[in-house]
Structure formats: structure tokens, C-alpha cells
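Here is the structure we will look at, set down as C-alpha cells.
The values are calculated or read from the model by the stated rules, or taken from the named source; none is laboratory data. Fair warning: this is a prediction, and the values are worked out from it, not measured in the lab. All Cβ positions, even for glycine, are placed from backbone atoms using ideal geometry, and neighbour counts span all protein chains on display.
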Amino acid sequence: MKKTGAQILCESLVKEGVEVVFGILGGAVLPIYDTFPQYPQLRHILVRHEQGAAHAADGYARVTHKAGVCIATSGPGATNLVTGIANAYMDSAPLVAITGQVARPVIGKDAFQETDITGITIPITKHNYLVTDVAELAKTVKEAFHIAQTGRPGPVLIDIPRDVQQEQTDFVYPDKLDLPGYRVVSRGHPAQIKKAAKLINEAEQPVIIAGRGIIISQAYDEFKEFAEKAQIPVAHTLLGLSSFPGNHILDLGMLGMHGTPCANMTVQNADLLIAIGMRFDDRATGNTREFAPHARVIHIDIDPAEIGKNIPTEVPVVGDIKSVLTALNEEIERREHVDWLSQIEQWRYEHPSLEIRQSDELLPQYIVHQICEATQGDALVVTGVGQNQMWAARYFVYTKPNSLISGGGLGPMGFELPAAMGVKVGCPEEVVWCVAGDGGFQMTIQELATITQENIAVKIAIMNNGYLGMVRQWQELFYGRRYVDTKLWNPDFVKIAEAYDIPGVRVKRREEVIPAIQKAMEYPGAFLIDFLIEPEENIYPIVPPGESLARFFEPSKPEVLGGKF
Amino acid sequence: MGGKLTNTKHTLVALVEDKPGVLNRIASLFRRRAFNIQSLAVGGSEHPGLSRMTTVVVGDSAQVEQVRKQLEKLINVVKVSDITEEDMVARELALIKVKASASTRSEIMQIVDIFRANIVDVAPGSLTVEVTGDEDKLDSLLGLLRDFGVKEVSRTGRIALTRGSSS
């Protein structure tokens, strides 16, 4: 029996195990939407802006380890996806973006709502397709999911002209792929693994830099065994947080621009750096010429193009992290590194990373700490970008694998709310906290409607300082305190929430924090807390841009509130 | 051997799928990663559905290795080799339209002969010369012809294969 392109798309999505699609309709995807009722196993979540669809699918993908799917119409629908696609690309999240395109006869004629979305997304997708023949559609969907989900994951876009959605052909879902130019290396080369093991066994002052690759590979157990067997301390990139228990004695927290002093000092003094599933982002390395000056470098990653891209590597191991670590664990010796670890403990003692200064003001660090306490770390934390992101990264102790979801590479304001939606839809049993800034929250605030319409129970904590906080901090520190256009007039977020039928409270004082968090946790649905925090609170330490990690700046020694825990 | 940190010309040869937009993907990658390419030539290969692309990239060996690996990540790119250090045959073709009068025509034809080039078009005021060879040869001929007045030049960019029976 012949099926239309729209039916073939839906059949193919079902074959790929898709359960949820985030999208918003328009003229060029009407045939697809018209067939959705025939496929009740595909849950469609109607967002309020396509950026929200892409971020939600991204968040969904990161916690379910399968491709998130978003759908948008041609032209503005497609271009609105761009931020979300770029974000998924930077953070290696599997995403399949489906866009409608104008009908084939008018492609290239500047038709209404025509945009060359495949041209636009070439540099921000792992691959993309314009399907010009309905007979190619099933094969294209199969390839798209394979490419998005294997190797180093990433976004794939499929652009489908409206008349292709309506054209009919026999539906056959191919069982074989024909991708001669796509090979995934899964197992590391044994000789490279031996070389790496030799360096590890000989090192006196080794450190691991753990990236998101460990989470993508779900290699938590192998990684823990690796670090423990060789007794190597673990520093994290932002997205590597929650790949290793944050309360472990070997855990140093995040390195980099806002990293813990202990992590940065350990890296700068190490004689061996074992980089795992990370890409030496400038926010992690600081000045690359002065980065880890005494260290030899082992780099384990599935993407060969990451090797030597930013940092010269002595021993590269290309392969899937789980497989490489399994092999490496056989080769490495048990070590103690007593002197090195006690040196690190000294640094940790001198620079306690979790201390919060004593203040009558409402401090964001304290709020994050209390969310961590209230949930006992058993929550998924989704952040925006900026100060809220750094506070969430630094003051929540990530003991649950894959529990920090953040737009790390692209740093998109507005990621937090739609991504939290996607995370909650992907993991309905988990407690999901969306940590937002008052600036970023307003970039995708309209998704509150989606949350209510679809009954998505996310807990929203707005770190409301009335500023574009991180930019204000840079103006304070690097631009002579000239706060040009960072001060925000804000609406009443509690009233906004109420208008969207979401209960909320405003918190102005410390003693209101715990009850508000409790109230949010006890409420069965979505809940919003507007925390009016100290407006000029900064995130410290900070390594000024372009400086060595050794040159982190801490404010005058603060008084200890709770101490390190 | 090109030193590690010295900028040299590297010849990369790639097999790419013959599909719409592939050249755009490759060009987009060069632009996006700020890679410096000197020439790029694409045409058919011995495999149906695959084209062979030769590109000359300027950079140190680490940069060129990065180019090679980034190219290999493109789904439509099947294989990329840096054949700079290998024994290879590299050729470029140029068409040169040079001013020629009754008094200079024979001198130009002598130079063309020395370079084993061909005259492919004769007009009252000009000659069009076709020359094949490596870039140095083409540059030398072009240098000599400039004295007569070169009106137009079109060069293909380098194409290359490794010598011997291996593929």
C-alpha cells in the first residue's frame, strides 16, 4: 500500500523508537501534522517558539541518550531552530530536526517562507538533508538517526518540501545503511592504550580532566574504577560535572575560568594530564600556552579531529570512552600518589570551594546549596548561561550521574526553561530544577504556556538580580564598573507565572529560602520561585580572559558560612 | 620534509560523494575553520558516484592534519590523504591569452615550444596558449609571456595522484 511522505516520516520515526516530538506547525509542515492523529504513539508537544522545540529536544536527548526530535515549518520556523541546533552541535547532543520546505517547483524562487535552511545549517549540523524525492525519505530518516546517535553525537536536519510530504510511494524501511564516508571508531588502538597506561603508571602528579564524553558514553562505572585504581584526582569541564561523584575524595570540581582553585592549581602543577571526552575549550584551559605547563598529555576522545586541535597531545587514544577505559583499567597499576594527593588536600583546605560568605543579603550560592540539600542531590539541574549557570555548577554537589544539563559550548540564554521541559518529559520520575537568570528566563519565557498545557512539573528558580549578571560582572571587573545597559527592568515573575496558571512565590530573605524550596518540592506540578538575590553578587574565583589558570582572582578571604561539606 | 611549525604547501587528495551540495560543505568547512587553501579542483574518479578532489592547503603540519581530519568528518567525504610527502604526480593546466603582433608571434611560439605547450587559438591580436605541468613550470611560462602582455589567464589548480600501482 502506498503511503504519503508525511506518513512515511511518521512510520520511520516510530521505527526509530521516537516517542516525543517537540514542535510548532506552519504551512510547510501541515501535511505532517495532518497525519499525526494516525500515529498516537508519537506524542507531540506544542511549544510556543521553535527555539524552545530545539532546546527541549536537546534536553530530552541528553537525559535519555537517544535522539531528540523537533519539528518546524519552513522559513522563520526553520531559522528559529538555529540557536537550538547550534547548541546541540557544540555540546554533541543527538538531535533530529525536521523542517518543512516550500514545494519543489518554487524552491529557489524566493517563495513565501522560503529559506535555505540546509545551507544555513551546514556549519552547525553533523549532517543535513534536503529530500527532493519521496522515495529517498525513509532512507534519509534512517541515516539521520544513525548519524545523530552514533560516534560523537550531534544534530542532523532533514528539510522536506511540502509536496514531498504529499507525494506517495511504497514504504519500505531499509535495514541497511549506505554511508561510505561515515565510520565510527569504537575501540581504542591497543598500542595507544598500552602507551597511555605506561604514562599513567609512571606519573607522580597526574590529573584527569573529565568531559561530557564520559556521560555520552555512560562510562560512569569504568571511569570511577579508573580514577580509584590509579588514585588520580578528577577535575571537570562544566559539562563533565556529574560524570564522577562530586562528593568523592578524588573530586576537585570544575576547572577553568570559574573553576575551583584546587582544580586549577592541580592542573597547573600536574606532570600528566589525562583528558577524557573533552575538547580543551578556552573556558576550561585559560591561556593555552601557559596551560598545564609541566604536563604530558593523554587525550581520549571518539572524535579524531579533537586530538591536537587546541593542545598538543603526546598520546591520543581515539575510541568510545567506555571501551577505552575498560581496556585501560586492565593495563594500569594500583597507585597511591600519597604526596600528590596530600598536596592537593592542602590546596583544597586553603581554598575551600563551597564556602559561602557571611551576609544578610540573599546569596545565590546559598540558594543553590539549599536546593542541593533539599533534594539530597537527587535531582536534574538545568541551567541557563551566565552567573546562574556558574553558581549552579559550583555550589550543587553532583552525585547523581548526568544530573547537570547546561548549554556549555554555545552558552545560549533561554536554554534553561525549554531544556528543563525536555528533561522532565524524558525523565518524568526525576525532580527537575531549572536554575534561570532573570535575563535568560525572559528569552524563552513563553514556554510557561507549554509547561501548563502539557502539565510538565519543572521547578523554576530564578536568580533575579535585575541585571544581565555575568555581563555586569565583566563590566565591573574589566570595564571600570561602567554598567552600560545591563540593568534590567523586570516584570513581576510571580504574577507572570500566575497568569500561566503556575503557582509561585517571591523570596527576598535567607530564612524564606528553605520553606520556598520545600513548597516547590511538595507541589505536584510546575512551581516558580523568584529569588531576589544580592544584585551585585559575583561568581568567584575568576581567571581573567586570556590569562593562565594559575592567575585566578579571589575576593578578599571571605568568612566561612557552612564550610566545605 | 616540511618542518612542524613552518608553513608549507600540502596536497590533500579526497574521494567525495558526487551529490548536490558537497562542494558547498567542503568550502563551508574551509571558511568556517579559517583554513587557508590555495587551490581546489574536483572531477570524476574511477569509482562511479565518487569524485576526486585535490586541494592545496598552506599551513604547518599540525594545521594541515586538522584540515584533513575535519574534512574526513564530513559524511559525504569518503577518504582524505595528505600525499605531500609521497612520491606523486601533480599537474595543473593553464590557458593564457597573450597579445601577439606580427613581430612578436614567432618569438612567443618559440617559447611555447620550449615549454611543450600548445597554441589552441589564434586571433589577429592574440594567441591562446594551453600549458600543462607543475605550478613552477606554469609560473615560469607565465612570467616570460608577461613581457608580451597577458590579456587573460585561467588556471585549474593542482590535481595529483601518487605514483606506482597502489591506490
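Brief remarks on what is shown
- You will find that of A:Ile307, A:Ile344, A:Ile321, the residue that is closer than 30 Å to A:Pro412 by Cβ and touching a Pro at 6+ places or on another chain (Cβ under 7 Å) is A:Ile307 and no other.
- Evaluating B:Lys79 against the criteria (1) touching a Lys or Arg at 6+ places or on another chain (Cβ under 7 Å); (2) within 14 Å of chain A (Cβ to nearest Cβ) leaves one unmet condition, (1).
- With respect to the stated conditions, A:Glu537 is of a type in the set (Asp, Glu), buried (at least 17 other Cβ atoms within 10 Å of the Cβ) and either in a helix (DSSP H, G or I) or touching a residue at least 12 places away in the same chain (Cβ under 8 Å) (or both).
- The conditions of being away from chain B (no Cβ under 14 Å), out of contact with any strand residue (DSSP E or B) (no Cβ under 9 Å at 6 or more places or on another chain) and not in a loop (DSSP other than H, G, I, E, B) are not met by A:Ser359.
- The selection criterion, being under 21 Å from A:Leu25 (Cβ atoms), buried (at least 23 other Cβ atoms within 10 Å of the Cβ) and among the hydroxyl-bearing types (Ser, Thr, Tyr), does not hold for A:Tyr39.
- Take the conditions (1) surrounded by fewer than 24 Cβ atoms within 10 Å (Cβ to Cβ); (2) closer than 28 Å to A:Val297 by Cβ; (3) more than 14 Å from chain B (Cβ to nearest Cβ); A:Pro174 misses just one of them, which is (2).
- Looking only at residues of region B:78-129 that are hydroxyl-bearing (Ser, Thr, Tyr) and within 19 Å of the chain's Cα centre (by Cα), we find that the one that is surrounded by the fewest Cβ atoms within 10 Å (Cβ to Cβ) is B:Ser81.
- Of all residues in region A:130-166, exactly one satisfies the criterion of being at the interface with another protein chain (Cβ under 10 Å from one of its Cβ atoms), assigned to a strand (DSSP E or B) and surrounded by 24 or more Cβ atoms within 10 Å (Cβ to Cβ), namely A:Val156.
- Residues satisfying the stated conditions in region A:194-214, i.e. under 29 Å from the mean Cα position of the chain (by Cα) and more than 24 Å from A:Gly154 (Cα to Cα): A:Ala196, A:Pro206, A:Val207, A:Ile208
- Scanning region A:77-106 for residues that are among the hydroxyl-bearing types (Ser, Thr, Tyr) and not in a loop (DSSP other than H, G, I, E, B) yields A:Thr79, A:Thr83, A:Tyr89, A:Thr99.
- Among the residues of region B:64-106, those identified as closer than 30 Å to A:Ile147 by Cβ and without any contact (Cβ under 8 Å) to a residue 40 or more places away in the chain are B:Glu65, B:Gln66, B:Lys69, B:Glu72, B:Lys73, B:Ile75.
- Residue within region A:111-121 that is within 22 Å of A:Leu46 (Cβ to Cβ), buried (at least 21 other Cβ atoms within 10 Å of the Cβ) and among the aliphatic types (A, V, I, L, M) present: yes
- Residue check for A:Arg335: part of a helix (DSSP H, G or I), basic (Lys, Arg) and either within 16 Å of A:Phe226 (Cα to Cα) or in contact (Cβ under 8 Å) with a residue 40 or more places away in the chain (or both): no
- Of residues in region A:338-356 being outside any loop (DSSP other than H, G, I, E, B) and of a type in the set (A, V, I, L, M), the one nearest to the other protein chains (Cβ to nearest Cβ): A:Ile344
- Scan of region A:199-225 for residues that are buried (at least 24 other Cβ atoms within 10 Å of the Cβ), in a helix (DSSP H, G or I) and either at pLDDT below 95 or hydrophobic (A, V, I, L, M, F, W, C) (or both), ordered by number: A:Ile214, A:Ile215, A:Ile216, A:Phe223
- Within region A:318-355, the set of residues being β-branched (Val, Ile, Thr), touching a Ser or Thr at 6+ places or on another chain (Cβ under 8 Å) and more than 30 Å from A:Val184 (Cβ to Cβ) comprises just one member, A:Ile344.
- Among the candidates A:Ala111, A:Ala196, residue that is among the small types (Gly, Ala, Ser), without any contact (Cβ under 8 Å) to a residue 24 or more places away in the chain and away from every other protein chain (no Cβ under 14 Å): A:Ala111
- Pairs with Cβ under 6 Å, 6+ apart, first in region A:261-278 and touching a residue at least 40 places away in the same chain (Cβ under 8 Å), second outside any strand (DSSP E or B) and among the hydroxyl-bearing types (Ser, Thr, Tyr): A:Met278/A:Thr237
- Residues (touching a His at 6+ places or on another chain (Cβ under 6 Å) and not in a loop (DSSP other than H, G, I, E, B)) located in region A:370-420: A:Met390, A:Tyr395, A:Pro418, A:Ala419
- Enumeration of residues in region A:213-244 that are in contact with a Lys or Arg (Cβ under 9 Å, 6 or more places away or on another chain) and among the basic types (Lys, Arg): A:Lys229
- Among residues of region A:293-332, those that are within 15 Å of A:Met278 (Cα to Cα), among the small types (Gly, Ala, Ser) and either part of a strand (DSSP E or B) or more than 12 Å from every other protein chain (Cβ to nearest Cβ) (or both), counted: 1
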